[in-house]
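The values are calculated or read from the model by the stated rules, or taken from the named source; none is laboratory data. Owing to the predicted nature of the structure, the values given are computational and were not obtained by experimental measurement. All Cβ positions, even for glycine, are placed from backbone atoms using ideal geometry, and neighbour counts span all protein chains on display. For the accessible areas, the whole protein counts, side chains as well, though only heavy atoms, and no ligand, DNA or RNA atoms are used. Shrake-Rupley method; radii C 1.70, N 1.55, O 1.52, S 1.80 Å.
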Amino acid sequence: MSIILEAKGVSKHFGGLKAVEQVDMQVKEGSIFGIIGPNGAGKTTFFNLCSGTYKVTSGQILFGGQDITNLPPEEVAKKGLIRTFQNIKLFQYLSVLENVKVGCHINTKTSVLDAIFHTKTYHQDEEYATRKAEKVLEEVGLTEYRDWKAGNLPYGYQRKVEIARALAAEPKVLLLDEPAAGMNPAETWSLLEFIQKIRDKGHTIVVIEHDMKFVMNLCDHIMVLSFGEKICEGTPDTVKNDRNVQEAYFGRGIIQKSNELSQEGA
């Protein structure tokens, strides 16, 4: 598989604070790539650098082989790098279909005047958005909820609608920022299967998540950040058994004590 998203020595400094420091990353096309780390590790900041929300202090970000370093977020999105946010941002009083149609705007040409006077361009874009949104809902299994108000859906389904809206923008890579946050175990497992289904349809996915069990069962490859630096990268098994990762999550003292107890038990 070819590399579709790459970071080379990417850093972000806020004054004297090094939020991200010299991070390298390579995401293969068609994979699910996880980014994990304790609170304050720099995960969301790194996402914001990739999506253009923050400016890179140093380093380079490549997307499909093209340099997208410090491009505005809308330009990054137009190239096919689309992200969701930790907090759900649906239009609560609009239908599921209408929410997903919003994701199509990046590929439409309607201006303010077109919308006011209902020009031919407006009608063509409306037809395109409706057709595209219905197709996305069908692909992800949400068609039966198309006419529901988004705010009336259970939390787990609201998250799925948000992801469907991102898919309507026709992303080449989908960045998911803590998609399982606030979910119960049943909702989390349903979301895991939902994301796998999206990958199986040909999408590349990069996900930030605190839920270790979720990440270990979902991702093909994982990068671990701690205090803005990459401390480990590899398969779920490699990451799970890495001492630096264990110390970052549980503390060096706890790991040492655990090892001592294990040796005494032996």
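How much accessible area per residue does the chain have, counting only protein heavy atoms and a probe of 1.4 Å, in square angstrom? Don't skip to the answer; put the middle values down first.
Values: 13430 Å² over 266 residues.
Ligands and nucleic acids excluded, the figure is 50 Å² per residue.
Remind me, relative contact order of segment 1-158 in percent, using alpha carbon pairs under 8 angstrom and six or more residues apart?
On the way: 203 pairs, mean separation 29.4, N = 158.
Computed value for segment 1-158: 19 percent relative contact order.
If the reach is capped at under 18 angstrom between alpha carbons, list the aspartates and glutamates near Lys149, excluding any in the same chain fewer than eight residues apart.
Cross-link targets: Glu98, Glu134, Glu138, Glu162.
In terms of Cα to Cα distance under 19 Å, which lysines are near enough to Lys201, apart from those fewer than 8 places away along the same chain?
Lys28, Lys132, Lys135, Lys160, Lys172
For the chain, build the charge dipole from Cβ charges (+1 Lys, Arg; -1 Asp, Glu) around the Cα centre, then report which of Pro179, Tyr93, Ala164 sits farthest towards its positive end.
Value: Tyr93.
Report, in whole Å, the centroid distance computed from the Cα atoms of segment 12-52 and segment 65-96.
16
Which parts of segment 163-197 would a label at Gln86 reach, counting a residue when its backbone N lies under 11 Å from a point 7 Å out along Cα-to-Cβ?
177-179, 181-182
Tell me, what % of the accessible area of segment 71-186 is carbon and sulfur with a 1.4 angstrom probe? List each step's numbers first, then the result.
Values: 3300 of 6120 Å².
Here it works out to 54 percent.
Taking the alpha-carbon distance from Lys18 and a cut-off under 25 Å, which lysines remain once sequence neighbours fewer than 8 residues away in the same chain are dropped?
Lys8, Lys43, Lys55, Lys230
Tell me, in nm to one decimal, what length is gained between Thr57 and Asp24 on full extension, where the rule is 0.36 nm per residue of separation less the Cα-Cα distance?
Numbers: separation 33, 0.36 × 33 = 11.88 nm, distance 1.42 nm.
Full extension of this stretch gives 10.5 nm more.
Say R0 is 41 Å: what FRET efficiency, to the nearest 0.05, do Lys135 and Asp237 get from their beta-carbon distance? Mind showing how you got there, number by number?
Details: r = 37 Å, r/R0 = 0.91.
Calculated transfer efficiency: 0.65.
Could the peptides 191-201, 217-227 be put in order, highest first, of the mean number of other beta-carbon atoms found within 10 Å of their residues? If you can, show how the numbers build up before the last one.
Details: 191-201: 16.1, 217-227: 21.0.
By packing density, highest mean first, the sequence is 217-227, 191-201.
Evaluate the relative contact order of the chain (contact order divided by residue number), counting alpha-carbon pairs under 8 angstrom at least 6 apart; express in whole percent. Provide the component values of the computation, followed by the final result.
Numbers: 475 pairs, mean separation 67.6, N = 266.
Once normalised by length, the contact order is 25 percent.
So if R0 is 51 Å, what FRET efficiency would Val112 and His210 give, r being the distance between their Cβ atoms, rounded to the nearest 0.05?
With R0 = 51 Å, the Cβ-Cβ based efficiency is 0.80.
Just order 5-18, 172-185, 147-160 by mean Cβ neighbour count inside 10 Å, highest at the front, would you? Walk me through the intermediate numbers first.
Details: 5-18: 14.9, 172-185: 19.4, 147-160: 16.8.
By packing density, highest mean first, the sequence is 172-185, 147-160, 5-18.
Let's test the formula: R0 of 45 Å, r as the Cβ-Cβ distance of Asn244 and Glu126. What FRET efficiency results, to the nearest 0.05? The partial results should precede the final answer.
Working: r = 53 Å, r/R0 = 1.17.
So the FRET efficiency works out to roughly 0.30.
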